[in-house]
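Asks: Please read through the structure below; I'll follow up with questions.
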Amino acid sequence: MPGLVDGHAHLYDPAFTYREDFTSGTSAAVAGGVTAVVEMVLTTPVDSADRVRAKIEEGQRNSLIDFSLHAGMMNLNNLPNIPAIAQLGVRSFKTFTCKPYHADDHTLMSLMRETAMHHSILNVHAEDETIANENMQRLVSAGRKDPMAHTEWKPNLAEERAVNKVIQFAGGIGARVHISHMSTQEGVAAVRKAKRQRVRVTTETCPHYLTFTRKDMKKQGPYLKMNPSLKGPKDVDALWRGLGDGTVDIVTSEHAPGTRAEKEPGWEDIWKAWGGVPAIETMLPVLLSEGVNRHRLTLQVLQRACCENPVRIFGLGTKKGVIRTGADADLVMVDLKMKRKVRAENLHQKVAWSPYEGLILKGWPVMTMRQGRVVFQDDGILAKPGDAEFLPMFL
Ligand SMILES: [Zn+2]
């Protein structure tokens, strides 16, 4: 099949290279059949033309695969930089409806107008700030620090309310918006309805929201802390169904590793743990094993969600996400019957753990090619940093 195009992965933040960098993150990517990635800003801002240029150069030096970027985190201060960033071919911007990068309603609408005017897309982390604050007050006064407290902070309603707001604003303004890492059945229903009404909204979910529920936090505790938090079994079902009918456009890894040292304190105080999981190398095996081999996903839908749609949504040109004459030969060969136990020590990421540790997955990539050259085979990485090209967006 075509190599996967991961539309949302945190591979490189200059402040956190002990977690991952372009070389380690894209090594994990090719071992997982991912041949292109749209790198997502983490905490070091990528919100001016200079900062975008610096990050492109970093990727060109150290990535093993072709890449594009999301710029962020956007707010009223860096809004005037949108035209210059778009000029560089980065036409995807990220903002939040909640902490730690809360954009209020006015900011959100201003960002939508500006991105729309510059043929760009606005990615929104959609969880409601008021509901989060209200729940936080209650949890703090009850002295709650256990892992489950984190899942009560921003429940389904928080996502539902924020997704609906984003859709309403986008519909009114005529902006293109993309809901990041959706986790709830209510979110799926809202997007389904909005698409029928021709609102220009797309959305993504991630392997962890398709496989785990908040119950799994009882065993894995802070290691499954992420934002949005895990939800219930009905949400998992709704996300698989949403993928099947095209409501959920893409699956992204939302690769956001933290070290064990950053996770462990969460057993005592969940608010002190890093939120995020390593995911880029296990994304395809999880989708093959839990999706295709369990008949919750067809290979056609997998290809649409992980190859064609990310290219279309983020405007990555005509050469990625397809097998066709003239396209880049970015390919992955998968063995649908191969069974393998996930062992973090066999993965190529920097951090020494995986939320899937010990799980036997059926269906693994066995060979990956980028632009016609083998970059992964027999568990070996055959690509070198610096081979990668920056992919400008055309929207
Ligand atoms: Zn993210």
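Asks: What FRET efficiency, computed as 1/(1 + (r/R0)^6) with R0 = 22 Å and r the Cβ-Cβ distance, is obtained for Glu345 and Val374, rounded to the nearest 0.05? Intermediate results must be reported in sequence, preceding the final value.
Replies: Working: r = 24 Å, r/R0 = 1.08.
Here the calculated transfer efficiency is 0.40.
Asks: Which of the trypsin sites (Lys or Arg not before Pro) found in segment 182-275 are in a DSSP loop and have at most 14 neighbouring Cβ atoms, other than their own, within 10 Å? Present the calculation step by step, with values, prior to reporting the outcome.
Replies: On the way: sites: Arg192, Lys193, Lys195, Arg196, Arg198, Arg200, Arg214, Lys215, Lys218, Lys219, Lys225, Lys231, Lys234, Arg241, Arg260, Lys263, Lys272; in loops: Arg198, Arg200, Arg214, Lys215, Lys225, Lys231.
Sites meeting the loop and neighbour criteria: Arg198, Lys215.
Asks: Mind scanning Lys195/Lys234; Lys55/Lys320; Lys234/Lys272; Lys145/Lys219; Lys218/Lys341; Lys165/Lys320 and naming the pairs with a C-alpha gap bigger than 24 Å? Walk me through the numbers on the way to the answer.
Replies: Details: Lys195/Lys234 22 Å; Lys55/Lys320 21 Å; Lys234/Lys272 29 Å; Lys145/Lys219 16 Å; Lys218/Lys341 22 Å; Lys165/Lys320 33 Å.
The pairs that break the limit, which is 24 Å between Cα atoms, are Lys234/Lys272; Lys165/Lys320.
Asks: Right, another one. What list of ³J(HN,Hα) couplings, whole Hz, do you get for segment 10-23 from phi and the Karplus terms 6.51, -1.76, 1.60, once you set θ to phi - 60° and write x for glycine and proline?
Replies: Ordered by residue, 3J(HN,Hα) equals 9, 9, 8, 10, x, 7, 9, 6, 6, 7, 5, 9, 4, 6 Hz.
Asks: What shape does segment 13-161 have by the C-alpha gyration tensor, where a ≥ b ≥ c are the square roots of the eigenvalues, rounded means a/c under 1.5, and otherwise prolate means a/b greater than b/c and oblate the rest? Mind dumping the intermediate values first?
Replies: Values: a/c = 2.38, a/b = 1.35, b/c = 1.76.
Oblate.
Asks: Quick one: with all protein chains in place, what share of the accessible area of segment 1-158 is carbon or sulfur, to the nearest percent (1.4 Å probe)? Write down the numbers at each step before the final one.
Replies: Working: 2870 of 5320 Å².
So the carbon and sulfur contribution to the accessible surface is 54 percent.
Asks: Restricting to segment 1-155, compute how many DSSP beta bridges are antiparallel as a %, nearest 5. It would help to have the intermediate numbers written out before the result.
Replies: Numbers: 1 of 16 bridges.
Percent antiparallel among DSSP bridges in segment 1-155 is about 5.
Asks: Ok, one more. Taking amide H positions as placed in the peptide plane 1.01 Å from N, state which residues far from Lys94 in sequence (5 or more) or on other chains have amide H under 5 Å from it.
Replies: Result for Lys94 returns Ala71, Gly72, Met74, Asn123.
Asks: Test of understanding: what is the full-extension gain from Lys234 to Thr318, defined as 0.36 nm times their sequence separation minus their Cα-Cα distance? Present the calculation step by step, with values, prior to reporting the outcome.
Replies: Numbers: separation 84, 0.36 × 84 = 30.24 nm, distance 3.68 nm.
Contour length minus Cα-Cα distance gives 26.6 nm.
Asks: What list of ³J(HN,Hα) couplings, whole Hz, do you get for segment 40-49 from phi and the Karplus terms 6.51, -1.76, 1.60, once you set θ to phi - 60° and write x for glycine and proline?
Replies: With coefficients 6.51, -1.76 and 1.60, one gets 10, 4, 10, 10, 6, x, 10, 9, 9, 4 Hz.
Asks: Report the Rg/Rh value for segment 2-93, based on alpha-carbon coordinates and the Kirkwood definition of Rh.
Replies: Values: Rg = 12.9 Å, Rh = 13.2 Å.
Result for segment 2-93 is an Rg/Rh of 0.97.
Asks: Oh, and also: For every helix of n ≥ 4 consecutive DSSP H residues, a contribution of -39,500 (n - 2.57) applies; sum these over the chain, divide by its total residues, and give [θ] at 222 nm rounded to the nearest 500 deg cm²/dmol.
Replies: Values: 15 runs with 134 residues, N = 395.
Per the formula, -9500 deg cm²/dmol.
Asks: Between Gln60 and Leu395, how many nm apart are label points set 7 Å from Cα along the C-beta direction?
Replies: 2.3 nm
Asks: Amide H to amide H under 5 Å from Val366: which residues, 5+ apart in sequence or cross-chain, H placed 1.01 Å off N in plane?
Replies: Long-range HN contacts for Val366: Met333, Val334, Asp335.
Asks: Can you work out the accessible area per residue across segment 155-306, with the rest of the protein chains kept in place, probe 1.4 Å, in square angstrom? Don't skip to the end; give the middle numbers.
Replies: On the way: 5550 Å² over 152 residues.
Here the residues of segment 155-306 average 37 Å² of exposed surface.
Asks: Under a straight-distance cross-link criterion of Cα-Cα below 15 Å, which aspartates and glutamates are reachable from Lys350, leaving out those fewer than 8 residues away in the same chain?
Replies: Asp13, Glu20, Asp21, Glu262, Glu281
Asks: Step through the residues of segment 380-395 one at a time and calculate ³J(HN,Hα) from phi using the Karplus curve (6.51 cos²θ - 1.76 cosθ + 1.60, θ = phi - 60°), rounding each to whole Hz and writing x for Gly and Pro.
Replies: Per-residue couplings from phi come out as x, 8, 10, 9, 10, x, x, 7, 7, 10, 6, 9, x, 8, 10, 10 Hz.
Asks: For Lys339, list the lysines whose Cα falls under 18 Å from its own Cα; do not include residues on the same chain fewer than 8 positions away.
Replies: Lys339 reaches Lys362.
Asks: Also, quick follow-up: Compute the FRET efficiency between Arg241 and Ala327 as 1/(1 + (r/R0)^6), taking r as their Cβ-Cβ distance and R0 = 41 Å, and round to the nearest 0.05. Provide the component values of the computation, followed by the final result.
Replies: Values: r = 30 Å, r/R0 = 0.74.
Calculated transfer efficiency: 0.85.
Asks: Here's a follow-up. Have a look at the DSSP beta bridges in the chain and tell me what percent are antiparallel, nearest 5. Please list the in-between numbers first.
Replies: Values: 16 of 41 bridges.
Beta bridges within the chain, antiparallel portion: roughly 40 percent.
Asks: With a probe of 1.4 Å, find how much accessible area segment 1-84 has per residue, and write the answer as a whole number in Å².
Replies: On the way: 2260 Å² over 84 residues.
With all protein chains present, segment 1-84 gives 27 Å² per residue.
Asks: Can you give the extra length, in nm with one decimal, that the chain gains between Arg113 and Met148 once fully stretched, where that is 0.36 nm per residue apart less the Cα-Cα distance?
Replies: Extra length from Arg113 to Met148 when fully extended: 8.8 nm.
Asks: Normalised by the residues of the chain, what does the relative contact order come to in percent, with Cα pairs under 8 Å and at least six apart? Mind dumping the intermediate values first?
Replies: Details: 926 pairs, mean separation 90.8, N = 395.
So the answer I get is 23 percent.
Asks: Shifting gears a bit: Using modelled backbone amide H atoms (1.01 Å from N, in-plane), which distant-in-sequence or interchain residues come within less than 5 Å of His8's amide H?
Replies: Excluding prolines and chain starts, which carry no amide H, the hits are Val38, Ser253, Glu254.
The values are calculated or read from the model by the stated rules, or taken from the named source; none is laboratory data. Note that the structure is predicted; figures quoted are calculated from it, not measured. When we count neighbours, we look across all protein chains shown, and the Cβ atoms used for this are built from the backbone with ideal geometry, even at glycine. To get the accessible areas, we keep the full protein, side chains included, count just its heavy atoms, and leave off ligands, DNA and RNA. Shrake-Rupley method; radii C 1.70, N 1.55, O 1.52, S 1.80 Å.
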